[in-house]
Amino acid sequence: MARNKFDVDERLESQFSFDHIKRLARYLIPFKWLMLLTIGLMLLTSVLNMLAPIITREAIDVRLPARDMRGILILGAILVVIYLINAIIVKFRMRAMATVGQNLVANLRRDIFEHLQELPFDFYDSRPHGKILVRVINYVNSINNLLTGGLINLITDLFTVIVVMLLMFSLSLELSIVMLCGVVVFSGIIFAMKNRQRRVWQDYSAKQSNLNAYIHESICGIKVTQSFSREKENQRIFETQCENVRSSYMKAKIIDICNWPMVETISTITTCAVFLIGGANLLNGGGITAGTLVAFVGYVNLFWTPVLSLCNYYNQLINTAAYLERIFEVMDTPALVTDKPGAVEMPPIEGRVDFKNVTFAYEEGVDILKGLSFSADKGQTIAVVGPTGAGKTTIINLLSRFYDIQGGEILIDGENITKYTLNSLRSQVGVMLQDTFIFSGTVMDNIRYGRLDATDEEVIAAAKTVCAHEFIETLENGYYTEVNERGSRLSVGQRQLISFARALLADPRILILDEATSSIDTRTEQALQLGLNRLLAGRTSFVIAHRLSTIRGADCIMYIDGGRIVESGTHEELMAKKGAYYSLCTSQYELN
């Protein structure tokens, strides 16, 4: 799969098989009785339609020679009734299949989204998000008709083809063999085109995914685009991606539309052959009557109509195969961090944390942490500092089990964290990240995000603790002010304060602050520190920060470099050592 590139086609890691179709068909099980009823009714219409040529033969060979007008009128009335019944059943089928189709799409999309919630950070870090969105929305929509109306038509058309063939054989073996010759030629051409057709639709789906990825990236970065006046260049890239989608679609569609002329050509040739051979037989007194010939030609038309429909369904199956491959590729991506067998709910914890000889690597052979060991007692504040890429954020990601370690142990209150379910673990570990995310909705909803049962008073109390209450009150509707997606109406510092209140409201026993005050001005930070001092009392907390004012009061400061603890101690102890931490502090003072 393409990694973080909107202009690189995705390459499937698994090939399509009909197991994908079987897997998709499972989504129809809840609607099996409605499907069976619809299939039964459609089979009834097929049987009624097959009576039309027989009725026509009866009128030509029997009623007309006998000048039986009453009989002809009765036969005409029967045909009218057949067409009315067909119209009623078709209307029912359309409504029933619309119900089944939309429910199928909703259930499939629900399962994809549910699985996406469980996938690790690495899955999202290694893919353009637009290429994930296109699977959940566009590709699922594209398969709506495959197993709903298409499946019903497939069954009824197969039934029609088989019964019509039997009826044609009962009328004339010689003319039926002529028909079979046309079927053999047509089938050979269709299967010869199968692989080519699948490849071009795979290419189209890849180009469509690229376009979606670029649109998503462009919208997210629109402020940067306008700041650097990149509009024209971005428009050029967009038009290139659109042209790639258009050209790949046209290539795929050209192959698709070849099927209809082939059916028309072969059906016309076979019909002409039937007329010639049947007419010669009729003129030579070979046993075929005029009514039989007309009835057989009627069945020829009844035969090629479902064959064309089957051909279209086959095309749809091949086309949709490209989408199914990508949908199930996502659904089959393993959730690497899951509850271990026998995992139990984590009881209320005190907050002691131990890392014992922890080894971790994002990529095999490139260790980020190398035998890391440390302990944090209940209620302690541990500050983690060091150069970029040293492994600071990795430590807190491992504590929350966003990733699993390759070696060693991580313990909370003396128990390995893998013993507990992920939900119960993370519910007692609050995380405030540097990259804050504000959801669309009210300020109240955003703070309450991690604890839905919190009262308005508790939300306000949390906001006051982190000094967010003052600015929230100045908003047009206070806590009920609607904020846009990503909080674009708020400043960066305001977004961080709201995100901080969200983490505090969850009342975690272990609190993690990853550059939590990086976007807060000094005045606000001073006020915030007062609230933090009250909050951190009795909690175990890990603070990653570059501002010395944020970390100098920590019970222990760990300087991380190269995946190891270079030195640790209080601010005063480390300054006295005049080592790595001392150099960090003095360089920061020099910059200031």
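Observations
- The set of residues from region 557-581 being of a type in the set (F, W, Y) and either surrounded by fewer than 15 Cβ atoms within 10 Å (Cβ to Cβ) or part of a strand (DSSP E or B) (or both) comprises just one member, Y559.
- Of the residues I498, I447, the single one that is under 27 Å from M346 (Cα atoms), β-branched (V, I, T) and in contact (Cβ under 8 Å) with a residue 24 or more places away in the chain is I447.
- Residue in region 399-420 that is under 30 Å from A463 (Cβ atoms), aliphatic (A, V, I, L, M) and out of contact with any Lys or Arg (no Cβ under 9 Å at 6 or more places or on another chain) present: yes
- Residue in region 60-67 that is in a helix (DSSP H, G or I) and out of contact with any Gly (no Cβ under 8 Å at 6 or more places or on another chain) present: no
- Some residue of region 23-46 being more than 25 Å from A98 (Cβ to Cβ), in a helix (DSSP H, G or I) and among the hydroxyl-bearing types (S, T, Y): no
- Matching residues, region 345-359, being in a strand (DSSP E or B) and without any contact (Cβ under 8 Å) to a residue 60 or more places away in the chain: F355, K356, N357, V358, T359
- Condition check for T56: surrounded by 15 or more Cβ atoms within 10 Å (Cβ to Cβ), out of contact with any Ser or Thr (no Cβ under 9 Å at 6 or more places or on another chain) and of a type in the set (V, I, T): yes
- The set of residues in region 429-447 that are under 27 Å from the mean Cα position of the chain (by Cα) and in a helix (DSSP H, G or I) comprises D445, N446.
- Summed over region 406-420, the residues that are in contact with a strand residue (DSSP E or B) (Cβ under 7 Å, 6 or more places away or on another chain), open to solvent by 50 Å² or more (accessible area, probe 1.4 Å) and outside any strand (DSSP E or B) give a count of 2.
- Test for Q235: is it under 33 Å from the mean Cα position of the chain (by Cα) and open to solvent by less than 60 Å² (accessible area, probe 1.4 Å): no
- Boolean, Y139 is at pLDDT 75 or above, of a type in the set (S, T, Y), within 17 Å of the chain's Cα centre (by Cα) and more than 24 Å from I254 (Cα to Cα): no
- Residue match in region 421-440 (condition: hydrophobic (A, V, I, L, M, F, W, C) and surrounded by fewer than 16 Cβ atoms within 10 Å (Cβ to Cβ)): yes
- Boolean, K251 is in contact (Cβ under 8 Å) with a residue 12 or more places away in the chain, open to solvent by 70 Å² or more (accessible area, probe 1.4 Å) and either assigned to a helix (DSSP H, G or I) or at positive phi (or both): yes
- Filter pass, M331 being over 30 Å from R135 (Cβ atoms) and under 45 Å from the mean Cα position of the chain (by Cα): no
- Hey, E470 at pLDDT 90 or above and either surrounded by fewer than 19 Cβ atoms within 10 Å (Cβ to Cβ) or part of a loop (DSSP other than H, G, I, E, B) (or both) or not: no
- Screening the candidates L475, L398, L372, L452 for the property of being open to solvent by less than 50 Å² (accessible area, probe 1.4 Å), under 27 Å from the mean Cα position of the chain (by Cα) and either more than 19 Å from A545 (Cβ to Cβ) or not basic (K, R) (or both) yields one hit, L398.
- Restricted to helices (runs of 4 or more DSSP H) entirely inside region 95-205, those with at least 3 residues that are under 30 Å from N397 (Cβ atoms) are 121-125, 129-134.
- Restricted to region 91-142, and to residues there that are of a type in the set (S, T, N, Q) and closer than 25 Å to D339 by Cα, the residue that is most open to solvent (accessible area, probe 1.4 Å) is Q117.
- The condition (being of a type in the set (F, W, Y), without any contact (Cβ under 8 Å) to a residue 40 or more places away in the chain and farther than 19 Å from T320 by Cβ) is satisfied by just one residue among F159, F238, F191: F238.
- Residue in region 220-228 that is farther than 22 Å from L324 by Cα and at pLDDT 80 or above present: yes
- Long-range neighbours under 7 Å by Cβ, at least six apart or interchain, first residue in contact (Cβ under 8 Å) with a residue 24 or more places away in the chain and under 30 Å from T418 (Cα atoms) within region 314-342, second small (G, A, S) and in a loop (DSSP other than H, G, I, E, B): E329/S14
- Lone unmet requirement of (1) surrounded by fewer than 21 Cβ atoms within 10 Å (Cβ to Cβ); (2) over 22 Å from E118 (Cβ atoms) for T393: (2)
- All of (1) among the polar types (S, T, N, Q); (2) open to solvent by less than 50 Å² (accessible area, probe 1.4 Å); (3) within 26 Å of W201 (Cα to Cα) hold for T240 with one exception: (2).
- Condition check for C311: more than 30 Å from R401 (Cα to Cα), outside any loop (DSSP other than H, G, I, E, B) and open to solvent by 30 Å² or more (accessible area, probe 1.4 Å): no
- A search for C-beta distances below 6 Å between a residue of region 96-112 that is within 13 Å of R26 (Cα to Cα) and any residue that is in a helix (DSSP H, G or I), counting only pairs 6+ apart in sequence or on different chains, returns V100/F31; L104/Y27; V105/V140; N107/Y27; L108/Y27; L108/V140.
- Applying the criterion of being open to solvent by 30 Å² or more (accessible area, probe 1.4 Å) and under 60 Å from the mean Cα position of the chain (by Cα) to the residues of region 274-289, the residue that is modelled with the lowest pLDDT is F275.
The values are calculated or read from the model by the stated rules, or taken from the named source; none is laboratory data. Just so you know, these numbers come straight off a predicted model, no measurement behind them. Reconstructed Cβ throughout: ideal geometry from the backbone, glycine too, with neighbour counts over all protein chains shown. Each accessible area value is taken on the protein alone, full model and side chains, heavy atoms only, with ligands, DNA and RNA left out. Shrake-Rupley method; radii C 1.70, N 1.55, O 1.52, S 1.80 Å.
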